[in-house]
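Before any comments, here is the structure.
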């Protein structure tokens, strides 16, 4: 009994000191900002928001709420339709078309000159935030995937970093006996993003103009076959690699290569492996250089009637953050703002500059039905990697018919 | 004499069986605690060693000095919300269990089983209507939002009622003959007799509230009442899993609840009447 | 008012005084969402713009239950099959194993309080932590279990990515996690069994099974009903373990019904709450049928 009383009193005492928000001053505009940046990323973003609040003290005050990425859309879907959403939020660019079409986003339309402002940002990232000609998103960053390689292992085997599929196959042959695993690839996440890169590199596409699946083509076939071959023909990856297992093997120094996003940069730095980065833009196919990326965008969730002051404050905030995003970039992102992207500071970042060929960065099609029409293929990518006797054409057909059904279901409303 | 020998033999056999099973049982937990004392790179390397090669407090230091998130504060909030919830739930549930288990009235069982049936249909879309209720009551970002909605839970009533059914009717009838009204029977007779069950319900209700994640995430806007599961999730990055820190946070969150459990164990004593009135 | 009227009035009010507090809270916070869900199931419901909903009557139900061309049909039946598999695999160990453990501890061997704590401890973890721990332990190439088996000369077993190991893993982690709860209910209920009956049994030379069947079971029958029904409900509602542990794989063979329901209701790209709630109601009907059957069987067992 005394023990528990002791516990309770310790905790009560230690609990003094939550995080209180300061009160608003006269004439200050209050903005609520929801983002998905938890953990260390969150600290960087908070630092930037604090800097902003300091600089605009008395004029604008931004309060942040962080929601873990996996649950963000649950919270969004609950709060926003009932009018309890924030003034600004971070959303993945690939979702913008869908939420815009549902009426859950306010447009930046009247607040900016879209063409003029678009000049400041990477074209593909700016266009991705536009739906039916109206701008709903302003990009904060771009996060592509790229190749992490173990320098010590490659040196020991005396090989260069592969940039094409044939080079990769050859490299794995050379590496036999030098390292346990060449390039293990998880057959669930992030294989989707690798597949998308492969699809575009083979000249294939995700959706057509009617939002229907467009991947059931010869190009799609070749793109998918690569994943089967990586496991069962060319010994690039062992079968049945589960999510994060590939990452762990690389971090332990038991794998020569690992493909993952730029966001993993710090995680890999901390593992102590002596590594380098390289672009995967021609690694799977040779039709067209392409690297999958998504982008975190600023969006304005649906809110009835926003005052002009708030609108101005929002623009001020967004422009400030995107222009000062260098620290954010260092945490494991590419900037979307061209002035940063082309700056010397960025060029000098050790791992970023080689990570992805910026011109090859390709986003998925902007469509409200992207998830309906395209997502079914991801399960089949997993199946291609899991089953030695996978029938590639059958997988494509299945994915296509499921995609068509889902798109019809969605548009038929 | 002979009976005592049988007793001792039972205890010995039981001890050995339980020991073997519990060692295997506890291994993952030992792993959690041990990982919390490892360096991050050793944690990732995933070796089998339960004793850290390099013992360090670095993960604990990290979570306790995180200036954005105060773990102890979150623990306190969780305690407060769960404690209040349990307090009210025990009252509400035991009263109802008395009605459905001890009292006799028309339609009693039908009503009771309908309540149980409601537990069987998963309420999937409860987030949206509950949230709109919170807006109506102006309970968004409040303590009530964490404590009250769960008070309608049926599981506690179900369990307590089952225990109530086992109480011999003659005890109740003799109390009534002695002039006790139902509330007095409830308070002075039934509650003490079903103490172990009450403790179990308290424990379950506490854990259910303590581990709630999605609801506090949706209904709370800032740190004022933020509970531990949400707080811990916010301390983790979305992709980079820092195993050692995560295990440290997990260990910290285990301690207060374990303390409660040790206290609750006291109440798993023999029912007072059972050994007495029979025979 | 005559005295006997007053008395009968009071006796009719007394039950109300006891069950009303709960019933009121229940009506507000449970019944409202519950009927809201049922209401939605008759509509093509737009989560974002409820005004745009369309009444479709029983069409959602028809589609999931009978329309074999519909993708929702595939989701529902695949999900139901997987859920039933999990229920059949998990409920027996989740009921029997804790009973054995609680019985062993009931004789109060040395250190029984510590044993009790050890078995209960996993229950304290949240689902996220649980899955994290077990994913790590069961990891094919770097997990503790396979490393240990490797020392014994056994090849790596793909615990989470191949059948039947995926089901085994899910049941294993569920048992580890939730056994504590049932165990303490049994512990509390075993206390209600009079000691002298066991002593009499020992004198008569009864075997363990006989004692269990004739002495223990009748006394714990009520709690056994509770545990069986609640465990079944919980297993039907399983979500976190297959969602985070095996990700519904391999090949959607562990994608349980709740995963489809949640995905369609809310999180997935295209929420269709009407279909999701129809699935939930269908699942509820199945659970009720099974629950009623279980209660009847157990009641008969005790007679």
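Read-outs: derived from the displayed coordinates by stated rules, not from any lab. Just so it is clear, the structure is predicted and the values come from calculations on it, not from any experiment. When we count neighbours, we look across all protein chains shown, and the Cβ atoms used for this are built from the backbone with ideal geometry, even at glycine.
Some observations on this one:
- With coordinates expressed along the principal axes, the C-alpha atoms belonging to chain B extend over 70, 67, 30 Å, beginning with the largest.
- Dividing the alpha-carbon radius of gyration of the range B:38-139 by the rule-of-thumb value 2.2 N^0.38 Å gives 1.86.
- Helical mean residue ellipticity (222 nm; -39500 (n - 2.57) per DSSP H run of 4+; nearest 500) of chain A: -13000 deg cm²/dmol
- Stokes-Einstein diffusion for the range A:197-323 at 4 °C, viscosity 1.567 mPa s, with a Kirkwood radius from C-alpha pairs, works out to 70 µm²/s.
- Counting only alpha carbon atoms, the long axis of helix B:71-101 and the longest principal axis of chain B meet at about 20°.
- Counting DSSP beta bridges with both ends in the protein assembly as shown, the antiparallel % (nearest 5): 70
- Within 10 Å of the Cβ of each residue in A:80-86, the mean number of Cβ atoms contributed by other protein chains is 4.
- Rounded to 10°, Cα long-axis angle of helix B:108-120 versus longest principal axis of chain B: 20
- Shape call, the range C:81-149: gyration tensor on alpha carbons, a/c limit 1.5: oblate
- Dmax and Rg, reported as Rg then Dmax, of the range A:105-196 (C-alpha, Å): 20.7, 62
- By the count of other C-beta atoms within 10 Å, a proxy for reagent exposure, A:99, B:89, A:56 are ordered fewest to most as A:56, A:99, B:89.
- The P(r) of the range A:247-295 has a tail past 19 Å containing 34 percent of all C-alpha pairs.
- P(r), alpha carbons of the range C:1-135 - 5 Å bins starting at zero, rounded %: 2, 7, 7, 8, 9, 10, 12, 13, 11, 8, 7, 5, 2, 0, 0
- 0 to 90° range, to nearest 10: angle between helix B:2-36 axis and chain B longest Cα axis: 40
- Over the range C:226-287, all Cα pairs binned in 5 Å intervals from 0 give whole-percent P(r) values of 4, 18, 23, 23, 21, 8, 2, 0, listed from short to long.
- Compactness of the protein assembly as shown is given as radius of gyration and Dmax, 30.1, 105 Å, from Cα positions.
- Relative intensity of the range A:266-334 on a log10 scale, I(q)/I(0) at q = 0.12, 0.14, 0.15, 0.20 Å⁻¹, equals -0.61, -0.74, -0.80, -1.00, per a Debye sum over C-alpha point scatterers of equal strength in the absence of solvent.
- In plain terms, if you count all Cα to Cα distances in the range C:36-302 and split them into 10 Å steps from zero, the share in each step is 6, 23, 27, 23, 14, 5, 1, 0 percent.
- Ranked by how many other Cβ atoms sit within 10 Å of their own Cβ, fewest first, the residues A:169, B:71 fall in the order A:169, B:71.
- Cα centroid separation, the range B:184-237 to the range C:249-292: 26 Å.
- Kirkwood hydrodynamic radius of the range A:350-413, from inverse mean 1/r over distinct Cα pairs, in Å: 14.0
- Residues B:73, B:88, sorted so that the one with the fewest Cβ neighbours within 10 Å comes first: B:88, B:73
- Semi-axes of the equivalent ellipsoid for the range A:132-175, Cα gyration tensor, largest first, Å: 38, 13, 5
- Using the Cα coordinates of chain A, the gyration tensor eigenvalues translate into equivalent-ellipsoid semi-axes of 38, 28, 22 Å, sorted from longest to shortest.
- Semi-axes of the equivalent ellipsoid for the range B:75-228, Cα gyration tensor, largest first, Å: 34, 17, 13
- Here chain A carries DSSP beta bridges of which approximately 65% are antiparallel, counting only pairs with both residues inside.
- Chain B: calculated mean residue ellipticity at 222 nm from DSSP helix runs of at least 4, using -39500 (n - 2.57): -21500 deg cm²/dmol
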